[in-house]
1. Can Lys74 be described as exposed (fewer than 14 other Cβ atoms within 10 Å of the Cβ) and touching a helix residue (DSSP H, G or I) at 6+ places or on another chain (Cβ under 8 Å)?
2. Can you tell me which residue among Tyr87, Tyr106 is loosely packed, with under 11 Cβ neighbours inside 10 Å and of a type in the set (Phe, Trp, Tyr)?
3. Hey, could you check the range 45-64 for residues that are not in a helix (DSSP H, G or I) and not aliphatic (A, V, I, L, M) and say which is farthest from Ala2 (Cα to Cα)?
4. Considering only residues that are under 30 Å from Tyr11 (Cα atoms), free of Cβ contacts under 8 Å to residues at least 40 places away in the same chain and not charged (D, E, K, R), which ones fall in the range 60-94?
5. Can you tell me which residue within the range 8-24, out of those that are out of contact with any helix residue (DSSP H, G or I) (no Cβ under 6 Å at 6 or more places or on another chain), not in a helix (DSSP H, G or I) and not basic (Lys, Arg), is surrounded by the most Cβ atoms within 10 Å (Cβ to Cβ)?
6. Of the residues Glu38, Glu101, Glu42, which single one is in a helix (DSSP H, G or I), loosely packed, with under 14 Cβ neighbours inside 10 Å and not β-branched (Val, Ile, Thr)?
Amino acid sequence: MAHLSAKVRIYVEEAGKTVNFGTDVFLQNDGNGSYIKEWNIEGLAQPTDEQLNALEDKANDQIALHQVIVNRKKEYPSIKELVVALYDTEDKAAIDAKRAEIKLKYPKPGA
């Protein structure tokens with residue numbers, strides 16, 4: 001199940017706006033699940049539960065994609081390795097092979 005913050009972010013961005021969870025929207029969880037405590041986005045109505053629930057799949061996809069990016073970054077070659085590979089054909093081939101292996105290990109959702 002996607003976090004409420006992910007669904008709120010999608011709702012706001014689809015309306016062409018940005019959200020700051022420190023000033024625009026305050027979420028709270030009193031032990032019975034998260035909810036919107038305060039909504040301060042001018043010109044955009046607070047979403048209903050139905051609207052947020054409709055964004056569940058998109059939010060899950062974004063969360064999964066974020067995790068793929070985090071995993072890939074951990075394993076990708078360092079900047080130093082990339083710079084060295086610019087000047088050495090064998091190193092460049094090894095870097096390309098490593099990147100391809102990592103992309104197979106952590107495929108993007110839906111790919």
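Read the figures in this text as sums done on the coordinates, not as results from a lab. Because the structure is predicted, anything quoted here is derived from the model rather than measured. Quick reminder, even Gly has a Cβ in these numbers, built from the backbone with ideal geometry, and neighbours come from all protein chains shown.
1. Working: exposed (fewer than 14 other Cβ atoms within 10 Å of the Cβ): yes; touching a helix residue (DSSP H, G or I) at 6+ places or on another chain (Cβ under 8 Å): no.
Here the answer is no, as Lys74 does not meet what is asked.
2. Answer to the check: Tyr87.
3. Taking the range 45-64 first, the residues not in a helix (DSSP H, G or I) are 45-48, 54-55.
Going one step further and asking which of them are not aliphatic (A, V, I, L, M), we end up with 46-48.
Working: Gln46: 18, Pro47: 16, Thr48: 16 Å.
Applying the filter and picking the extreme gives Gln46.
4. Result: His66, Gln67, Ile69, Val70, Asn71.
5. Residues of the range 8-24 out of contact with any helix residue (DSSP H, G or I) (no Cβ under 6 Å at 6 or more places or on another chain): 8-9, 11-18, 20-24.
Next, from what is left, pick out any that are not in a helix (DSSP H, G or I): 15-18, 20-24.
Remaining after also requiring not basic (Lys, Arg): 15-16, 18, 20-24.
Details: Ala15: 14, Gly16: 8, Thr18: 10, Asn20: 10, Phe21: 11, Gly22: 7, Thr23: 10, Asp24: 17.
Taking the candidates together, the pick is Asp24.
6. On the way: Glu38 fails: in a helix (DSSP H, G or I); Glu42 fails: in a helix (DSSP H, G or I).
So the residue among Glu38, Glu101, Glu42 that is in a helix (DSSP H, G or I), loosely packed, with under 14 Cβ neighbours inside 10 Å and not β-branched (Val, Ile, Thr) is Glu101.
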